[in-house]
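**Student:** Below is one structure. I have some questions about it.
Rule-based calculations on the coordinates, nothing more; no lab input. Since this is a predicted model, take the numbers as computed values, not measurements. Note that we place each Cβ from the backbone using ideal geometry, even for glycine, and neighbour counts take in every protein chain shown.
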Amino acid sequence: MYQDVLVPVTAESNETRVLYHVGELAVALDADVTLLAVADTTRDSVTVVEGEVVDALESEGEQALEEAADVLESLGLDPQTEVVQGAPAETIVDYADRYDHDLVAMATHARTGLRRYLLGSVTEKVVRLSPVPVLTARADEEEELRFPYERVLVPVDGSEASTRASEHGLALASALDASVDVLSVVDTSGLGPDVRGELVSEQGRSAAQGAVRAVADDAADRGIDDVRTEVDEGRPGDVISAYVDDHAVDAVVMGTTGRTGLDRVLLGSVAEETVRTAPVPVVTVRDGENEA
């Protein structure tokens, strides 16, 4: 499944639980891990200490890498480490692409203050731009990150983006021997209670049912026996969030964009909302079109 995972790190201690979770995933899939610290060149970080010119952010990055490596080594991993300079989001995306990483794993936010150099907005930008899948997990200490995954939720809409994401989600579930929940949401948030609205909703439901059947058939072809499907209506972000809470989902795999039209379910904004708010890890898979 994954062979080389890229993990951008910061000096934030509350990212330890996310690092440990990613380490568990890497161990289970026998993947290598590269830890990357980005010294943000958009900030003034050079100073003089005891007569020597020192880049404070590079020094912080080296310390963060050392601490992160300790976490992964406790799991038996032997991570590669590197500090690079650049604009954080673009540098992470370029690094993942250049060195053929097949997953980027990041916390969804970092603390404010002098030591911060990766922001929540950077994570969301990586989600939009990365040509490889991105796993994000909230760093809030009060929320549990469960592993191994027992239930993987795959929201679909029949678009190219969700098809690629569903294939990725099924492969991940198969590799971890997890069950799969396939959810399609008919977006009725903008429809009125008139005949036209009912017609559009019915057309959308028919398309959504076709989308979940296609993924269920794909799962069966892959030998995944435990597959549950559901079609619902409402605001997609809200429905996905409620489903995660109500069905003990351990991870979500979804596309970052979707098509317009009657069968529209997934939008870039829905994926980003899920990344920001989901209490479980979210793996996003881009549709292949480069979006800024």
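**Student:** Whole angstrom only: what separates the Cα centroid of the stretch 154-172 from the Cα centroid of the stretch 57-82?
**Tutor:** That distance is 33 Å.
**Student:** Residue-wise, which Karplus ³J(HN,Hα) couplings in Hz belong to the stretch 145-157, taking 6.51 cos²θ - 1.76 cosθ + 1.60, θ = phi - 60°, and x for glycine or proline?
**Tutor:** Values per residue, Gly and Pro as x: 9, 8, 8, x, 5, 9, 9, 10, 8, 10, x, 9, 9 Hz.
**Student:** With labels modelled as points extended 7 Å from the Cα through the Cβ direction, what inter-label distance (nm, one decimal) is found for residue 3 paired with residue 143?
**Tutor:** 3.2
**Student:** I need the peptides 78-84, 217-223 ranked by packing, meaning the mean over residues of other C-beta atoms within 10 angstrom, with the highest value on top.
**Tutor:** Numbers: 78-84: 16.1, 217-223: 13.1.
With the highest mean Cβ count within 10 Å placed first, the list reads 78-84, 217-223.
**Student:** Then there's this: What is the sum of charges around residue 272, taking Lys and Arg as +1, Asp and Glu as -1, for the other residues whose C-beta is under 9 Å from the C-beta of residue 272?
**Tutor:** Values: positive: 128, 276; negative: 124, 273.
Charge balance in the 9 Å sphere: 0.
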